[in-house]
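Structure, as structure tokens:
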Amino acid sequence: MEPLVSIATPVWNTARFLPAALDSLLAQDHPHWECLLWDDGSTDGSAEIAAEYSRRDPRFRLLGNGRNNGVGIALSSALDAARGDYVGVLDGDDLLEPDALSSMLAFMQARPQLGMAYSQYVEIDEDGGELGLGGRFRTPYSPQRLLLEFMTYHFRLARSDAYRAVGGFDPSMDVSADYDFCLRMSERYPVEHLPKSLYRYRIRRTSISQGSRLRQVRASFAAAQRAVQRRGMDRDYAFSLGLRARHVLRPKPAAGADPAGAPGANDPDAEQCLRLSPPFDPANASHAHDWAQQVEDHYNAFVADAQRRGLEARYDCALEIDSWHILQPLRPFGGAGNWR
């Protein structure tokens, strides 16, 4: 009997893109799948689209209570209802390549020791145009390196028994639920990378607020910090959060124009950056909140200065934050503690 694959798809305000996502499942050359659509309280008609697909094809199952509880609860609750031999996730604004399921299944069935595998992915714009290969998977995988970089991105497929053995998605982790899950999987089972693009990850123009960026950084740090403690590494390593902030001044496109086509938008000389590096003790994780607050205060001051100089009519000001998870040894590397 062909294995059944359970795909969880959180449904929250992706009406424009959801039909294409679900159609990419219908186009799979491995037809033995179920899609667990979790209604997370959409207000744009996404739930009605999901309901229509579930009426047309019984492989789609619409679940949820219509309340917005966040992605952690959505993923956890959806996969609680999974009946498949393998589980994966398809976001409601992304796409699977037609051979995504069959390729991942063949890869994992040839390696029965694996708990999970992940592929490469292509980034696309809102209209589906290719932007190029994503970058996360380029970092070679190791359980230790995963503490520093989230390379086990899209598309992931896990054995159902392994998924349940590590506790599945933690609903309390919300925006870092997938990273937290991958960390726990890496501690129990071998994980390997399939060097083939099987997923199309959509880059949307919808801006991420400053608060949301900081929330993502803090959530991923919390997930990694828990992993350090589970692994007993906190006895020998101090784990801290570092943030690198850039204030980016970019020309605004004309009203209604594509931002990617704005004059100078792709010219690195057109981007003026102010770099912020307030001093703090990197060995003390308690400074993370103070650091984030300094970033926020500096950002607000920069915007106010831009407004005083009349730049707000011509420029957007955006805060870009990259998180750096740092393991700092309390003793020299060596012996059993030596890893890279």
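The values are calculated or read from the model by the stated rules, or taken from the named source; none is laboratory data. Given the structure is predicted, the values throughout are model-derived calculations rather than measurements. Here the Cβ positions follow ideal geometry from the backbone for every residue, glycine too, while neighbour counts run over all protein chains shown.
Across the stretch 213-220, a minimum of one residue is classified as β-branched (V, I, T) and outside the structural domain of G84 (by TED's automatic domain parsing). Within the stretch 48-80, if we keep just the residues that are closer than 25 Å to A158 by Cβ and without any contact (Cβ under 8 Å) to a residue 24 or more places away in the chain, the residue that is farthest from the chain's Cα centre (by Cα) turns out to be P58. Look at the stretch 2-30: where a residue is at positive phi and a partner is part of a loop (DSSP other than H, G, I, E, B), sitting 6+ places away or on another chain with Cβ atoms under 6 Å, you get N13/S42; N13/D44. Of all residues in the stretch 180-217, count the ones that are touching a helix residue (DSSP H, G or I) at 6+ places or on another chain (Cβ under 7 Å) and at pLDDT below 95. Matching residues across the stretch 180-217 total 5. Only a single item in (1) surrounded by 14 or more Cβ atoms within 10 Å (Cβ to Cβ); (2) more than 19 Å from L183 (Cα to Cα) is not met by L114, and it is number (2). Looking only at residues of the stretch 131-163 that are buried (at least 19 other Cβ atoms within 10 Å of the Cβ) and either of a type in the set (S, T, N, Q) or free of Cβ contacts under 8 Å to residues at least 12 places away in the same chain (or both), we find that the one that is farthest from S176 (Cα to Cα) is S160.
Residue-wise test of (1) part of a strand (DSSP E or B); (2) not hydroxyl-bearing (S, T, Y).
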position: G132; (1), (2): yes, yes
position: F137; (1), (2): no, yes
position: Y153; (1), (2): no, no
position: A158; (1), (2): yes, yes
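If only residues of the stretch 117-130 that are assigned to a loop (DSSP other than H, G, I, E, B) and either of a type in the set (G, A, S) or without any contact (Cβ under 8 Å) to a residue 60 or more places away in the chain (or both) are counted, the one that is surrounded by the fewest Cβ atoms within 10 Å (Cβ to Cβ) is D127.
Among residues of the stretch 20-47 being among the hydrophobic types (A, V, I, L, M, F, W, C) and within 22 Å of the chain's Cα centre (by Cα), the one that is surrounded by the fewest Cβ atoms within 10 Å (Cβ to Cβ) is A20.
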